[in-house]
Each structure stands twice: as structure tokens, then as C-alpha cells.
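The values are calculated or read from the model by the stated rules, or taken from the named source; none is laboratory data. Because the structure is a prediction, the values reported are computed rather than measured. We place every Cβ from the backbone using ideal geometry, glycine too, and count neighbours over all the protein chains shown. Accessible surface is based on the protein model in full, side chains and every heavy atom, while ligands, DNA and RNA are left aside. Shrake-Rupley method; radii C 1.70, N 1.55, O 1.52, S 1.80 Å.
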Amino acid sequence: MEASAVYLCSATPAFAIVSLPPRPSLPRPLSGRFKKKSRKNVCRRFALSKTLHESHVSASSTSSSSVFPSPVTAKPSFDSPARRAAVAEVKASPDPISVLPRVEGVLHVQDYNNLIRYFGESRRWNEISQLFDWMQRHGKLDFASYSSFIKYMGISRSPIKALKVYDSIPDKSMKINVSVCNSILGCMVTNGRLESSMKLFEQMKDDGLLPDLVTYSTLLSGWIKVKNGYCKATRLVQELQSKGLHMDSVIYGSLLAICASNNLCEEAEMYFRQMKNEGHPPNVFHYNSLLNAYSVDGNYMKAEKLVNDMKASGLVPNKVIMTTFLKVYARGHLFEKSHELLSELEALGYAEDEMPYCIIMDNLAKAGHLSEAKRIFARMKERDVKSDGYSYSIMISALCRSGLLKEAKQLAKDFEAKYDRYDLVMLNTLLRAYCNAGDMESVMQMLKKMDELSISPDWNTFHILIKYFCREKLYHLAYRTTEDMYGKGHQLNEDLCSSLILQLGQSGFPSEAFSVYNMLRYSKRTLCKSLHERIVGILVAAGLLKDAYIVVKDNTPLLSEKCLERFAISFMKYGNINLINDVLKALHLSSYRIGPDIFHVAVSRFIAKPGKKDLLLQLLQWMSGHGYCVDSSSRNLLLKNAHIFGHKQIVAEILSKQYMMSRKTGSRNAKK
């Protein structure tokens, strides 16, 4: 029996009909014969449950009526015409919520749950929300109500609303009901909130949730398309095994898909063997996932053997299998076999969309066979194959890579003229073509189109635009685009930003250059040593010495002595006089040996400002305590201006101490 059926029968009272959320949408691993038998067993269990329930109700009602006759009229039974009519009236009404008060005395909670599912399958999101709000206000809820509502909020891309409803569940036992938990986890996974779903899962377990296989398969399905998702998946598998649960075909299917998307061919083969050894016959989905793993490096020999094994097991390769097999041949650069398989797909009617053609075109173009890719593209158009623009995207990108910018631009214009349909991938492709061709007007039109369609730019969009603006010497526009990219949480490209920092500095935008540097610095990455020196040079040249000091203080060990000396002299001359001592101390702490010329500039600066005599005294005393001495020119300057200290004796004592220290240091060096 399938796992979901087992949960249905064993985890609830015998008389309850439970509506659980579906497992992740993977093909069923059961053969037709076994599947029929499983369904038959489930039906028998439900028939038995219904009989037991009716006997229990009959006995209870007979007993109670003979002793305590009830004055309250019982609600219509589950199959009563009144309930069916009430449900039908709600479904048919243009304003379903207005009907609910009239039929409230007839309908049961199960009926409201059926209405949630009806509106959900009809994609009537407003009605679902209104119905659920009404159910909450009138106390017509059970765990299936929460489970169904949260599921459909996930489908409607409303995870925040689903999470608010889950958080509002007052009953703790209801909140950790496995069906409700599976629904909210599935909702978050479906909407790409994987990390949040894992944190919520941990919280649920702390609160008392006993996860089942559906829970783990729901979480696993979220890591299929995520980079490095395999590590997360293996932890989940280890956890479910530690709880005494056994992996089923659905779990194995998710693991195979995760291995394929992470280029882990050996691991995929291991799970495939393990699944068969445990008695789970692979279905088309499992074979396709392993084929996908083989397609990563075009391992056509293993792929051919796998397809033959599949046929021998009685499974017939479908469109998905044959298309994936085509990908194996194309990535293995077996283009003759790719053409043969494409012809077979066309003959079977499996090439009605553009995907098979795109696979061959993309690999031909990347292998340097652009003319052959063009022929496949022409063949596709001659057959009037349905296109979503992906084929155009491949060809435009291939033409751009080959330097055929005019041809790429023309093909982009052809797509715009023929199709009034855009997605982010296509818009990025068109944007790249127009940027490479230097067509500013078309670039602006594409950006306007994205805004009109409410399509948010991704990393590629920003990267294309920044490169284009830099090439066109529109550096401030490139800076604003980088700022927007960083603000939307995208990872900045260090090489591109490093080039932009240099160009901004040379173009008279040092503050903007420093801003880009900080964006890189705060993105939690190790920056190239030369980048720190570059920004210090830009800031010093622009007189932004306080900002330069921040960079120097944080990165002194990474800066060259030449860079530090240039900064120190500039700061002593032009920097904030109140920070001079702090700068010198910071340089000393970094093991940089401060030269006498730097001290001379500092002393001269303080003497020129008699009001800063206290800072000068602090500097001289600090120098004596750390092995530094002023040179002869600085000493003469100090003695000449000793009157500013009020007592010449103070300066004389400090200088005498420094002189004696220098004599000792000199004699030690002479002995060595």
C-alpha cells in the first residue's frame, strides 16, 4: 500500500475521512496491477470504517433516545439531499459568502472543506480567503480546513498569508498536526523559502511534531534545483532514518533529481541501485533523473545501457525520456545521433514544442557549429513549432558570442515583431543583444518593457547593464545600477566592480568609488589585495583622507609600505589634525615602522597650530615610549618654538630623553 494511504488509515480514528495534502508531484512508482490492488485495499478499509461508524452511531442514538430523548433536531446526514443542495447553492452563487448564513445550520465542517477545495481547484483565490475568514469567525474549522487553505495559498503564491494563518492556530495539538505542518512546509518550499522552511521545521519538532515520510519528501523536493542542495538532502535522509522511517520511491526520486542537478553521477547511481535492492521498482521519473545525471558530461554509453534496461523492465520511453536522451547525445557532441533521435521525436509527435531543437542548437553553437545551429533553427521554424522564445534566446546569445552583433540585433527585432510575450530570460537576451550592438534606444525600451510587465531584474540583468554603461563611459549610471543591484540583495561581481571603482576614480567620482568598495566589502567576501590599495590611492588623491584612514586601519597588513607612506604623509599634511596621533598609533600597531620624515610633517603641523600644543606633547611622549626619535630638523624646530608650551624645560626634557635613547640604540646597532 502506498505511504499516503497508510497514513490515512492508521493515523486517524476509524470513522474519520481525512483530506491530506498531496505528496510532491512525482510519478507513482507502483505498477498498474499493484496499484489496483492498493486502491482496492484502501476502499475496503474505508468501507469497513464506514460500517463501524454507522453501527456506532446507530447504537448510540438508539441507546440515548430510549433514555434521554433529544429535543434538538439532528443535522442532515452526510449524503442527505439538503446538504448536497446547500453545497451546490454556494458553488453556483456569484456571491458565495452571502449564502453561507442561510445554509449554516445544514452544512458540516467537511462541507466547508469541500468548498475550499472546489474554489481552490477553480483558482478562485478571493472566494477561498473570504470563505476561510467566515469559517474562522464561526468556528467551522478542523485540521483539514487549515491544511487545505494553506495548500492553496501556496499555489496562489501567498506564503505570507499562509504563514499568518498557521501562526494564528490557537490549539497547539492542531498546530503540530502532521497534515497541517506538511501543508505549510510545502507552501514555503513551493515559494522558494527553503531556509525559512527548515527553521520552521526545527521549531515544529521542538513543539512536538512527529514528522512522517510526506514531511521529509516535501522538504527534499525543495532542494532539487538548489546549488549545493545535496548536503541538506543527506542530512534530512539521515534524520528520517534515525527516526525509524524507511525511504520510499518518492524519497528516492527526489534524491536522484537532487544528485542530477548537482552533477553527482556516482551518488545518483548509488541511490538507484539501493532503491532497486530495497524492492522499489524504478519508474519513468527515476530513469529520467539518472539520465539527467549522465547528460552532465554526455556519458552516452551509460545512458544507452540505462534506456535498454528500462525497456527490458517493460517501461516504454516517453517524450521526457527521449528528450533527456537527446540531451545526453548533444552534450556528448554526438550530433549525428542527435539528429537521428530528433527525427524519431518528430515522427512520434514528441517535437511539437521547441525544447528538443533548443537542446541541439545550444550544444551545436557552444561547440562552434553556428551554421548547423542556424539550420536546426530554420528547420524548427519551417515546421511551425510552438515557441516560448527560448530558441530565439539561444540563437541571439550564440550570435552575440560569435561577434555577429547586427544579426543578433535583427533576430531580436524579429522576435519582438512576431511575439508579444516576454519573460525575464528573453528580456535579458534581448537586452544583451542591444547592449552589444550599442543601441541605447532599444536598451531603454527593454527596461521600460520590464517595468510595464512588473518583471524584476535578476543578477544577469544588472551585470549586462553595468558592463554596457562602463563600455559607453556612462560611469555614474553604472554606479547607480550597481547601487540598485546591491540594494536588491544580488551578489556583486568583484572584477566588474573593481574596474568600475577605477573608472569612477579617474572620472572624478571618488565618493561613488568608495561606495562601490564598501558594497563589496560588506558582501562578506575576501577582496583582492590590489583593490584596497586602489581605493586608498583614489581617496588620497581626492583628499578624502578620513575615508582613506578607515580603509588603512582595517587593512594595514594588506597594504604595501609605499601605499602606507603616501597615505601617512598626506594625512599629516592635510588630514584632520585631531586624528593625527590616532593615525600614527594605528600605523605603529600594524608593525609599520614610521619614518622621521612623517614625524617631521606632524610636528610642523602642530607647531603651526599653537592651540594643539597638548596633542604635540602627547605625540612626543608617545614617541619616547615606543622607541621613536625626532630628527635634527624637527628637534631644532621644537626648540625654536618651545615658548608655545609655556615652559621650555618640558620640551628640553623630552628631547633629552629621546637623544639618550637614540644613543643607546645606535651603540647596540654598532656592536651588532
Going by the conditions given, is L306 of a type outside the set (D, E, K, R), in contact with a helix residue (DSSP H, G or I) (Cβ under 8 Å, 6 or more places away or on another chain), assigned to a helix (DSSP H, G or I) and touching a residue at least 24 places away in the same chain (Cβ under 8 Å)? no
Collect the residues in the range 561-607 that are surrounded by fewer than 17 Cβ atoms within 10 Å (Cβ to Cβ), modelled with pLDDT of 90 or more and outside any helix (DSSP H, G or I), keeping them in residue-number order. N576
Assess whether I169 counts as being without any contact (Cβ under 8 Å) to a residue 60 or more places away in the chain, open to solvent by 20 Å² or more (accessible area, probe 1.4 Å) and either farther than 20 Å from E239 by Cα or not in a helix (DSSP H, G or I) (or both). no
Do you know which residues across the range 210-227 are assigned to a loop (DSSP other than H, G, I, E, B) and either in contact with a strand residue (DSSP E or B) (Cβ under 6 Å, 6 or more places away or on another chain) or crowded, with 24+ Cβ neighbours inside 10 Å (or both)? G222, W223
Please work out if S499 is of a type in the set (S, T, Y), under 22 Å from L558 (Cβ atoms) and more than 23 Å from the chain's Cα centre (by Cα). yes
If the requirement is being basic (K, R), farther than 19 Å from K327 by Cβ, more than 28 Å from the chain's Cα centre (by Cα) and exposed (fewer than 14 other Cβ atoms within 10 Å of the Cβ), which of these qualifies: K374, K413, K406? K406
Residue within the range 202-221 that is touching a residue at least 12 places away in the same chain (Cβ under 8 Å), farther than 17 Å from D142 by Cα and aromatic (F, W, Y) present: yes
Looking at the structure I just gave you, is E352 over 20 Å from L411 (Cβ atoms) and either polar (S, T, N, Q) or open to solvent by 60 Å² or more (accessible area, probe 1.4 Å) (or both)? yes
Please pick out the residue among N262, N288, N292 that is farther than 22 Å from L213 by Cα, surrounded by 23 or more Cβ atoms within 10 Å (Cβ to Cβ), of a type outside the set (A, V, I, L, M) and in contact (Cβ under 8 Å) with a residue 12 or more places away in the chain. N288
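Conditions (1) part of a helix (DSSP H, G or I); (2) closer than 25 Å to L545 by Cβ; (3) out of contact with any Phe, Trp or Tyr (no Cβ under 8 Å at 6 or more places or on another chain), marked per residue:
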residue	(1), (2), (3)
T461	yes, no, yes
Q491	no, no, no
S515	yes, yes, no
L520	yes, yes, yes
Any residue in the range 605-617 that is under 21 Å from S570 (Cα atoms) sitting within a Cβ distance under 6 Å of a residue that is not in a helix (DSSP H, G or I)? List the pairs, counting only those 6 or more apart or interchain. I607/N641
Return yes or no: is L236 open to solvent by less than 60 Å² (accessible area, probe 1.4 Å), in a helix (DSSP H, G or I) and within 15 Å of P159 (Cβ to Cβ)? no
